[in-house]
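Only one structure is covered here, and it is reproduced in the block below.
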Amino acid sequence: MPYIENRIVHDADAHTMELPNWYDEFGTKRVQDAFRKRFEGNKGLAHTYFEDIAEVHKQKSYQDLNEKNLMIRKNYEALGSFNKQDRSEALDLLGIKSQLVFPTSPNVWLESLEHSDEVELLYEVASATNRTQIEFCSDDERLFPVAYVPLADLDKANKAAIEAIKTGAKALLIPWACPKRHSTSHVDLDKVWAQAQEAEIPILFHVGTADYVMPKAHSINGMPKVKDFHGGEENFRSISYMAISSGPMQALSLLILDGVLDRFPSLMFGVIELGSVWVPGFMRQLDSAYEAFARHEERLQELSLKPSEYMSRQVRVTPYPTEPTDWVIEQAGSDIFMFSSDYPHLEGGRNPMGRFEKATAHLNKIDQDKFYRRNFEELMGSAFK
């Protein structure tokens with residue numbers, strides 16, 4: 001019996017869990033060696049952990065409990081977390097119609113490179129990551145691979161987007177925090193947006209490392225360091241959570257107020273694993289900025305819609321299971337929000353569907369269907385054609 005029944009549900013956030021040999025097929029030797037080095041002493045695990053866990057998944061006694069432990073086993077222990085042949089079984093047991101698939105460890109690596117001076121390595125890692133991710137999803141049409149497009153170099157960004165789309169990406173992931181040297185809305189990036197709009201695939205933001213939107217000094221408070229609650233590469237705490245919204249708010253402000261969404265009216269954007277309680281206030285703040293500055297800023301005068309209307313038309317957001325999903329839908333409208341499980345990550349919890357079902361129980365059937373199905377289908381464009 002699948003975890004989700006009696007409803008069509010798309011999952012806007014799922015992940016692979018990468019083993020040290022993840023780049024062996026598509027990465028250069030430099031990428032392979034650098035990635036293996038990242039696992040040295042990783043999370044305090046024994047150096048044999050990754051070899052051992054791969055063997056554990058092959059044991060019949062372990063496989064016999066795949067259904068029973070589907071939502072209990074997390075990260076590398078989860079079904080289909082790193083083995084593409086097992087991922088289809090995981091989807092069957094989950095009852096998911098389709099799933100956006102992001103990398104895990106490469107996300108953190110790419111983000112750090114995005115804010116470094118190693119531009120060549122950044123694009124080298126991105127290309128290898130994207131090809132590996134697309135290959136992982138290649139045997140099951142329900143799996144939608146996400147490809148990372150670095151924005152650090154304005155010319156290379158467009159080339160990376162072209163390569164990702166031609167290789168088979170179903171969505172393009174860009175940095176959730178502003179690039180190091182220029183704005184997310186830089187006019188030379190219009191080539192990237194044009195590629196995505198023509199291909200009818202969305203541009204995505206995904207949670208990254210909080211330290212890129214908060215100064216490192218924020219954690220120096222003279223108190224004992226708070227332990228990371230989910231065992232990730234970054235230390236994620238309540239203060240980090242409070243900073244989560246600043247990245248997408250900054251990026252969307254630039255993209256909307258600088259006219260990118262106006263110039264590309266059918267280009268969709270997804271804000272994934274970055275929370276949602278900030279959305280209603282942000283939409284009102286966008287309109288307040290427009291009302292206050294439109295008289296003096298020609299770029300605002302050229303917009304064809306109120307800023308908040310671009311959010312409703314072109315932006316889709318995934319709430320956390322712990323957030324008041326019913327409240328954000330009531331405040332910001334039913335066209336924006338989507339279901340996600342964060343499978344197989346620990347922070348997705350053991351029963352995300354149960355939490356969301358409880359939160360959306362009093363919504364009408366149309367709005368429920370938007371949350372679980374239709375908003376995702378609108379976001380994904382050509383993936384459903």
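Which of the residues belonging to the stretch 64-117 are under 21 Å from PHE384 (Cβ atoms), of a type in the set (A, V, I, L, M) and part of a loop (DSSP other than H, G, I, E, B)?
Of everything in the stretch 64-117, just one residue is under 21 Å from PHE384 (Cβ atoms), of a type in the set (A, V, I, L, M) and part of a loop (DSSP other than H, G, I, E, B), namely ILE96.
Quick check on my filter: what residues within the stretch 245-273 are closer than 24 Å to PHE371 by Cβ, modelled with pLDDT of 95 or more, assigned to a loop (DSSP other than H, G, I, E, B) and among the small types (Gly, Ala, Ser)?
The one that is closer than 24 Å to PHE371 by Cβ, modelled with pLDDT of 95 or more, assigned to a loop (DSSP other than H, G, I, E, B) and among the small types (Gly, Ala, Ser): SER266.
For residues that are part of a loop (DSSP other than H, G, I, E, B), modelled with pLDDT of 95 or more and of a type in the set (D, E, K, R), scanning just the stretch 17-40, find the one that is surrounded by the most Cβ atoms within 10 Å (Cβ to Cβ).
Among residues in the stretch 17-40 that are part of a loop (DSSP other than H, G, I, E, B), modelled with pLDDT of 95 or more and of a type in the set (D, E, K, R), the one surrounded by the most Cβ atoms within 10 Å (Cβ to Cβ) is GLU18.
Taking GLY95, is it surrounded by fewer than 20 Cβ atoms within 10 Å (Cβ to Cβ), over 19 Å from the mean Cα position of the chain (by Cα), of a type outside the set (Phe, Trp, Tyr) and at positive phi? Before you say what the answer is, go through the steps one by one.
Details: surrounded by fewer than 20 Cβ atoms within 10 Å (Cβ to Cβ): yes; over 19 Å from the mean Cα position of the chain (by Cα): yes; of a type outside the set (Phe, Trp, Tyr): yes; at positive phi: yes.
For GLY95, the condition - surrounded by fewer than 20 Cβ atoms within 10 Å (Cβ to Cβ), over 19 Å from the mean Cα position of the chain (by Cα), of a type outside the set (Phe, Trp, Tyr) and at positive phi - is met.
Can you name the condition, by its number, that SER304 falls short on among (1) assigned to a helix (DSSP H, G or I); (2) in contact with a helix residue (DSSP H, G or I) (Cβ under 7 Å, 6 or more places away or on another chain)?
Only one criterion is unmet by SER304, namely (1).
May I ask you to say which residue of TYR49, TYR76 is among the hydroxyl-bearing types (Ser, Thr, Tyr) and in contact with a helix residue (DSSP H, G or I) (Cβ under 7 Å, 6 or more places away or on another chain)?
Values: TYR49 fails: in contact with a helix residue (DSSP H, G or I) (Cβ under 7 Å, 6 or more places away or on another chain).
The unique qualifying residue is TYR76.
Does LEU204 count as modelled with pLDDT of 85 or more, closer than 24 Å to PHE39 by Cα and either of a type outside the set (Asp, Glu) or exposed (fewer than 15 other Cβ atoms within 10 Å of the Cβ) (or both)? Let's see the steps before the verdict.
Numbers: modelled with pLDDT of 85 or more: yes; closer than 24 Å to PHE39 by Cα: no; either of a type outside the set (Asp, Glu) or exposed (fewer than 15 other Cβ atoms within 10 Å of the Cβ) (or both): yes.
Answer is no for this residue.
If you check LEU93, LEU100, which single one turns out to be more than 19 Å from ILE272 (Cβ to Cβ) and in contact (Cβ under 8 Å) with a residue 60 or more places away in the chain?
Numbers: LEU100 fails: more than 19 Å from ILE272 (Cβ to Cβ).
Only one candidate qualifies: LEU93.
Looking at the stretch 307-354 only, could you name the residues that are among the hydrophobic types (A, V, I, L, M, F, W, C), under 22 Å from LEU91 (Cα atoms) and in a helix (DSSP H, G or I)?
LEU346, MET353
Every residue in the stretch 176-191 that is surrounded by fewer than 21 Cβ atoms within 10 Å (Cβ to Cβ) and closer than 15 Å to SER245 by Cα, please.
Listed by number, the list holds a single entry, CYS178.
Please specify each residue of the stretch 233-282 satisfying the condition of being surrounded by fewer than 19 Cβ atoms within 10 Å (Cβ to Cβ) and of a type in the set (Asp, Glu).
Across the stretch 233-282, the qualifying residues are GLU233, GLU234, ASP258, ASP262.
Counting only residues that are aliphatic (A, V, I, L, M), over 18 Å from LEU121 (Cα atoms) and in a loop (DSSP other than H, G, I, E, B), which one in the stretch 167-179 is modelled with the lowest pLDDT?
Among them, the one singled out is ALA177.
I'm checking my understanding of the structure. Among residues of the stretch 114-125 that are surrounded by fewer than 21 Cβ atoms within 10 Å (Cβ to Cβ) and of a type in the set (A, V, I, L, M, F, W, C), which one is farthest from PHE82 (Cα to Cα)?
VAL119
Using the structure shown, decide if LEU346 is touching a residue at least 12 places away in the same chain (Cβ under 8 Å), over 21 Å from GLU378 (Cβ atoms) and not basic (Lys, Arg). Steps first, answer last, please.
Numbers: touching a residue at least 12 places away in the same chain (Cβ under 8 Å): yes; over 21 Å from GLU378 (Cβ atoms): yes; not basic (Lys, Arg): yes.
Yes; evaluated as a whole, the condition is true for this residue.
Within the stretch 248-265, can one find any residue that is under 20 Å from HIS15 (Cβ atoms) and in contact (Cβ under 8 Å) with a residue 12 or more places away in the chain?
Scanning the stretch 248-265 turns up at least one residue that is under 20 Å from HIS15 (Cβ atoms) and in contact (Cβ under 8 Å) with a residue 12 or more places away in the chain.
Conditions (1) closer than 22 Å to HIS10 by Cβ; (2) in contact (Cβ under 8 Å) with a residue 40 or more places away in the chain; (3) polar (S, T, N, Q); (4) in contact with a strand residue (DSSP E or B) (Cβ under 6 Å, 6 or more places away or on another chain), marked per residue:
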site: ILE134; (1), (2), (3), (4): yes, no, no, yes
site: GLU163; (1), (2), (3), (4): no, no, no, no
site: THR167; (1), (2), (3), (4): no, no, yes, no
site: PRO179; (1), (2), (3), (4): no, yes, no, no
site: HIS182; (1), (2), (3), (4): no, no, no, no
site: ASP188; (1), (2), (3), (4): no, no, no, no
site: TRP193; (1), (2), (3), (4): no, yes, no, no
site: GLU200; (1), (2), (3), (4): yes, yes, no, no
site: LYS227; (1), (2), (3), (4): no, no, no, no
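Please find, within the stretch 41-57, the residue that is modelled with the highest pLDDT out of those that are over 14 Å from SER81 (Cβ atoms) and part of a loop (DSSP other than H, G, I, E, B). Talk me through it step by step, then tell me what you get.
Taking the stretch 41-57 as the starting set, the residues that turn out to be over 14 Å from SER81 (Cβ atoms) are 41-48, 51-52, 55.
Add one more test, that the residue is part of a loop (DSSP other than H, G, I, E, B), and what stays is 41, 45-48.
Details: GLY41: 61, LEU45: 62, ALA46: 64, HIS47: 66, THR48: 85.
Only one residue fits best here, namely THR48.
Among ALA194, ALA128, ALA164, which is the only one that is buried (at least 23 other Cβ atoms within 10 Å of the Cβ) and either at pLDDT 95 or above or more than 26 Å from ARG374 (Cα to Cα) (or both)? Break it down stepwise before answering.
Numbers: ALA194 fails: buried (at least 23 other Cβ atoms within 10 Å of the Cβ); ALA128 fails: buried (at least 23 other Cβ atoms within 10 Å of the Cβ).
Step by step, each of ALA194, ALA128, ALA164 is checked, and only ALA164 is buried (at least 23 other Cβ atoms within 10 Å of the Cβ) and either at pLDDT 95 or above or more than 26 Å from ARG374 (Cα to Cα) (or both).
The values are calculated or read from the model by the stated rules, or taken from the named source; none is laboratory data. Here the structure is a predicted model, which means the values were calculated and not measured. So basically every Cβ, Gly included, is an ideal-geometry build from the backbone, and we count neighbours across all protein chains shown.
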